[in-house]
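These notes concern the structure reproduced below.
The values are calculated or read from the model by the stated rules, or taken from the named source; none is laboratory data. None of the values given here were measured: they were computed from a predicted structure. Heads up, the Cβs are rebuilt from the backbone with ideal geometry, glycines too, and the neighbour counts pull from every protein chain shown. Surface areas here come from the heavy atoms of the whole protein model, side chains and all, with no ligands, DNA or RNA. Shrake-Rupley method; radii C 1.70, N 1.55, O 1.52, S 1.80 Å.
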Amino acid sequence: MINRREFIKKTVALSMYSALYPLSKAIGSVSNKKAKMLVLGIDGMDISLTHTYMQKGILPNFSKLAETGSLQAVSSSFPPQSPVAWSNFSIGASPHVHGIYDFIHRDPATMIPYLSTSKVKGSSKSIQLGQWNIPLSSGQVDLLRKGKPFWEYLADYDIPATVFKMPGNFPCNSKNVRMVSGMGTPDLRGGYGNFTLFSTSSKHTTKKVSGGVVVPIKFEGQMATSRLAGPKNTLHIDKPETYVPITIWRDQTNEVVRILIQNKEFLLKKGEWTDWVPLSFPMVSYFAEVKGICKIFIKSVHPDFSMYVSPINIDPTDPSLPIVSSKDYGEELKKHVGYFYTQGLPADTKALSSNVLNDQEYLDLEYQILDERRRILEYELNRFKKQSKAFLFFYISNLDQTTHMFWRINDPSHPCYDKQLKKKFGNVLMNMYMEMDHMLGEILNHFDINNPDFRLIVMSDHGFAPFRRQVNVNTWLYENGYINLLNNNQLESDDFFGNVNWSRTVAYNIGINALYLNLIGREKFGIVSPSQGDRLLLQIRQELLNLHDPDTGQKAVSNVQIVPSRVRMKNKFAPDIIIGWNRGYRTSWDSILGGFSAQVIRDNDDKWSGDHCIDPDLVPAILFCNKPIQKEKPALFDITATILAEYGIPIPPQMEGKPLYMI
């Protein structure tokens, strides 16, 4: 996992919004001054599963909405990754406009990977006073998505807008739009969801886990002491981690513990969770501190003790990074609904994959997150109802994350399928779809979907498919002569291209769907000339399309897109090729970050068993609307154009979409 390196208390975001469209209201007028529009974004809602559950009669609210207006498949982005797809929707255009092509990009000048949607930088000027490094200027957080999002056009026309958890929208910084940042928002330690497990058990303490840290503890009598790590102290010249002390007492016979953390005391039984625990991590004594929130869960007490601590989330009432806009909005939500997850994706999928949480424990946490979202939605609906004209976007991640982790339960062809787990958890996906229907029901209880002044859209960014087999693209490139190694006897490696001989390498993979040429003048060690590049791209494309799984005989790749040269010349971070995998296949976990494996194609034995980073034609998004859709083959950016059209706002030239219906 890629971590941000600098983290200081006072960080401000620089505005990244472009001025591609005039801000004058004189260019047009709002045609419907009482228009209200609500867009419910349900990440990963699959049209095939939705049809199946609607036919069973267990999604009555979705059925009602479809009967009133429309239900239709929508073209996702290529690739159908969440930050790409939601950016298509936010900006109303394809990646060649907004610049997001994958979860992970690389800087060709350094060959270092980074999260595609944002970068956090420390202060560029500082002064050293003894052991302290005092910043003379604020740090900055750069939003890497380009273009002007649709909600800023709404603000230009004085349309009150709330955007809750839009993926790829970190940092969020708007004078006129109420926002909470979404997918891509880090936790307080600078990662994207790093848990901590305190344990006496050797089965946890002797193995390396992904997505978190295991802290061994030892009881002296019935008491143990330890420390919970916080963000790095960037005000200190050595940048040490900050900590808060934890003291644990466990009952000698009963499954009960007492936890003391920063003057807060909890009496917890085995299997019990705390609510949010506010914490303060000192940077400079009596001068600066960073605030966060976490949850604590007691997994076991006897004979071994294990305690899970959630990723430390940024406190929305005193954020160290721009995760709310404005700060008053974060305080308002805390006052009315309590603390809430601020990290981009709250579900701890890594804890489940690493067996730190079991299936039931993971689901218990997922439903806590769902209840939290339900309370926030109810609050926003009540506020929205009082407004004469307004726009509300509300995002839900639970269905996406549950489908990723529990696809294996109902898929006998998946390597992780288990008949006993099927008996216990076979209805997990169906139940989560029913929960989405209940949330839609709350909206229908508040608003009349037959009201011509009220527009309701429910949308997803992509559908879903099985992820049974993983393909190491870098190993495939090596076996086909496109990558050369320094030592052919050390192929298997998760080291970031550590064994690659760049002077004889012409192509490489970083990211989930991206493939790059090692171009002269672009890559740090480039050897491929532009004239060679076009031929190589056509050759690699054809060979990928011919790739078959030796164990199953199936085609691994369904589609391959060569990014146009004019786009690549404009954006040096764009890939040269985007791979559209077939159902059941995806880039391997190690290849994504420059690793190699002995086999090109092997089983995916991770509980992350469903995926969507494949050919977008195989995982279309879904669209419900309370008005009949007239546009044929709609795409995500058509929804964006519809939003502006509903308020009588001219559609700017960089937007590619057209309204879904006549307005």
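Criterion first (at pLDDT below 95, under 22 Å from the mean Cα position of the chain (by Cα) and of a type outside the set (Asp, Glu)) does residue 593 satisfy it?
Working: at pLDDT below 95: yes; under 22 Å from the mean Cα position of the chain (by Cα): yes; of a type outside the set (Asp, Glu): yes.
For residue 593, the condition - at pLDDT below 95, under 22 Å from the mean Cα position of the chain (by Cα) and of a type outside the set (Asp, Glu) - is met.
If you check 343, 401, which single one turns out to be touching a strand residue (DSSP E or B) at 6+ places or on another chain (Cβ under 9 Å) and open to solvent by less than 10 Å² (accessible area, probe 1.4 Å)? Outline the logic, then answer.
Working: 401 fails: touching a strand residue (DSSP E or B) at 6+ places or on another chain (Cβ under 9 Å).
Being touching a strand residue (DSSP E or B) at 6+ places or on another chain (Cβ under 9 Å) and open to solvent by less than 10 Å² (accessible area, probe 1.4 Å) holds for just one of 343, 401, which is 343.
Hey, residue 114 hits all of (1) touching a Pro at 6+ places or on another chain (Cβ under 9 Å); (2) closer than 30 Å to residue 520 by Cα; (3) outside any loop (DSSP other than H, G, I, E, B); (4) of a type outside the set (A, V, I, L, M, F, W, C) but one; which does it fall short on?
(1)
For the range 624-640, check the following and say yes or no: at least one residue is among the charged types (D, E, K, R), at negative phi, open to solvent by 30 Å² or more (accessible area, probe 1.4 Å) and touching a strand residue (DSSP E or B) at 6+ places or on another chain (Cβ under 7 Å).
Step one: list which residues in the range 624-640 are among the charged types (D, E, K, R), which gives 627, 631-633, 638.
Filter once more, keeping what is at negative phi: 627, 631-632, 638.
Of the ones still in play, those that are also open to solvent by 30 Å² or more (accessible area, probe 1.4 Å) are 627, 631-632.
From what is left, the residues that are touching a strand residue (DSSP E or B) at 6+ places or on another chain (Cβ under 7 Å) are 627.
Checked the range 624-640: at least one residue is among the charged types (D, E, K, R), at negative phi, open to solvent by 30 Å² or more (accessible area, probe 1.4 Å) and touching a strand residue (DSSP E or B) at 6+ places or on another chain (Cβ under 7 Å).
Quickly run through the range 254-298 and pick out the residues that are in contact (Cβ under 8 Å) with a residue 40 or more places away in the chain and of a type in the set (Val, Ile, Thr).
256, 257, 259, 284, 290, 293, 298, listed by residue number.
For residue 193, only one of the following conditions fails: (1) closer than 15 Å to residue 152 by Cβ; (2) under 14 Å from the mean Cα position of the chain (by Cα). What is its number?
The single condition residue 193 does not satisfy is (1).
Quick one: residue 464 ticks every box in (1) open to solvent by 30 Å² or more (accessible area, probe 1.4 Å); (2) touching a residue at least 40 places away in the same chain (Cβ under 8 Å); (3) closer than 27 Å to residue 364 by Cβ; (4) not acidic (Asp, Glu) bar one, so which box is it?
(1)
Would you check if residue 146 is among the charged types (D, E, K, R), more than 24 Å from residue 648 (Cβ to Cβ) and surrounded by 24 or more Cβ atoms within 10 Å (Cβ to Cβ)? Don't jump to the end; show me each part of the working.
On the way: among the charged types (D, E, K, R): yes; more than 24 Å from residue 648 (Cβ to Cβ): yes; surrounded by 24 or more Cβ atoms within 10 Å (Cβ to Cβ): no.
No; evaluated as a whole, the condition is false for this residue.
Within the set of pairs 6+ apart or on separate chains, which have a first residue in the range 430-449 that is over 20 Å from residue 55 (Cα atoms), a second that is assigned to a helix (DSSP H, G or I) and polar (S, T, N, Q), and C-beta atoms under 6 Å apart?
Hits for this filter: 444/61; 449/68.
Just checking, which of 325, 354, 310 is open to solvent by 10 Å² or more (accessible area, probe 1.4 Å) and not β-branched (Val, Ile, Thr)? Break it down stepwise before answering.
Working: 325 fails: open to solvent by 10 Å² or more (accessible area, probe 1.4 Å); 310 fails: open to solvent by 10 Å² or more (accessible area, probe 1.4 Å).
Only one candidate qualifies: 354.
Would you pick out the residues in the range 351-386 that are assigned to a helix (DSSP H, G or I), over 13 Å from residue 396 (Cβ atoms) and in contact with a strand residue (DSSP E or B) (Cβ under 6 Å, 6 or more places away or on another chain)?
Within the range 351-386, 351, 384 meet the criteria.
Could you tell me which residue of the range 254-267 is farthest from residue 290 (Cα to Cα), considering only residues that are part of a strand (DSSP E or B) and out of contact with any Ser or Thr (no Cβ under 7 Å at 6 or more places or on another chain)?
256
Only one of these is over 22 Å from residue 154 (Cβ atoms), at pLDDT 95 or above and under 26 Å from the mean Cα position of the chain (by Cα): 47, 42, 8. Name it.
Step by step, each of 47, 42, 8 is checked, and only 47 is over 22 Å from residue 154 (Cβ atoms), at pLDDT 95 or above and under 26 Å from the mean Cα position of the chain (by Cα).
Looking only at the range 541-549, decide whether some residue is in a helix (DSSP H, G or I) and among the hydrophobic types (A, V, I, L, M, F, W, C).
Yes, the range 541-549 contains at least one residue that is in a helix (DSSP H, G or I) and among the hydrophobic types (A, V, I, L, M, F, W, C).
Step by step: first the residues of the range 500-515, then only those that are touching a Leu at 6+ places or on another chain (Cβ under 6 Å) and not in a loop (DSSP other than H, G, I, E, B), then the one that is surrounded by the most Cβ atoms within 10 Å (Cβ to Cβ). Which residue is that?
The residue in question is 509.
Does residue 487 meet the test of being under 30 Å from the mean Cα position of the chain (by Cα), without any contact (Cβ under 8 Å) to a residue 60 or more places away in the chain and either under 28 Å from residue 44 (Cβ atoms) or open to solvent by 30 Å² or more (accessible area, probe 1.4 Å) (or both)?
On the way: under 30 Å from the mean Cα position of the chain (by Cα): no; without any contact (Cβ under 8 Å) to a residue 60 or more places away in the chain: yes; either under 28 Å from residue 44 (Cβ atoms) or open to solvent by 30 Å² or more (accessible area, probe 1.4 Å) (or both): yes.
Taking the combined requirement at face value, the residue does not satisfy it.
For the range 467-479, enumerate the residues that are touching a strand residue (DSSP E or B) at 6+ places or on another chain (Cβ under 7 Å) and either open to solvent by 10 Å² or more (accessible area, probe 1.4 Å) or basic (Lys, Arg) (or both). Working first, answer last.
Let us first name the residues in the range 467-479 that are touching a strand residue (DSSP E or B) at 6+ places or on another chain (Cβ under 7 Å), namely 467-475, 477-478.
Scanning the range 467-479 gives 468, 469, 478.
Could you list, in sequence order, all residues of the range 628-650 that are assigned to a loop (DSSP other than H, G, I, E, B) and of a type in the set (A, V, I, L, M)? Write out each step before concluding.
As a first pass, look at the range 628-650 and keep what is assigned to a loop (DSSP other than H, G, I, E, B): 628-634, 647-650.
629, 649 - these are the residues of the range 628-650 that are assigned to a loop (DSSP other than H, G, I, E, B) and of a type in the set (A, V, I, L, M).
What's the number of the only condition in (1) open to solvent by less than 10 Å² (accessible area, probe 1.4 Å); (2) among the basic types (Lys, Arg); (3) more than 29 Å from residue 403 (Cα to Cα) that residue 586 fails to meet?
For residue 586, the exception is condition (3).
With the range 389-499 as the region, which strands (runs of 3 or more DSSP E) entirely inside it contain at least 2 residues that are among the basic types (Lys, Arg)?
Values: elements: 390-396, 454-459, 465-471.
Result: 465-471.
Residue-by-condition table, conditions (1) closer than 29 Å to residue 589 by Cα; (2) in contact with a helix residue (DSSP H, G or I) (Cβ under 6 Å, 6 or more places away or on another chain):
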position: 399; (1), (2): yes, yes
position: 410; (1), (2): yes, no
position: 416; (1), (2): yes, yes
position: 445; (1), (2): no, no
position: 448; (1), (2): no, no
position: 470; (1), (2): yes, no
position: 479; (1), (2): yes, no
position: 485; (1), (2): yes, no
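I need the full set of residues from the range 546-556 which are open to solvent by less than 70 Å² (accessible area, probe 1.4 Å) and more than 14 Å from residue 586 (Cα to Cα), in order please. Break it down stepwise before answering.
Of the range 546-556, the ones open to solvent by less than 70 Å² (accessible area, probe 1.4 Å) are 547, 549, 553, 556.
553, the sole residue that qualifies.
List pairs: first residue in the range 526-548 and within 18 Å of residue 572 (Cα to Cα), second residue modelled with pLDDT of 95 or more and among the acidic types (Asp, Glu) anywhere in the structure, Cβ distance under 7 angstrom, at least six positions apart or on different chains.
Here the result reads 537/576, each pair linking the range 526-548 to a residue that is modelled with pLDDT of 95 or more and among the acidic types (Asp, Glu).
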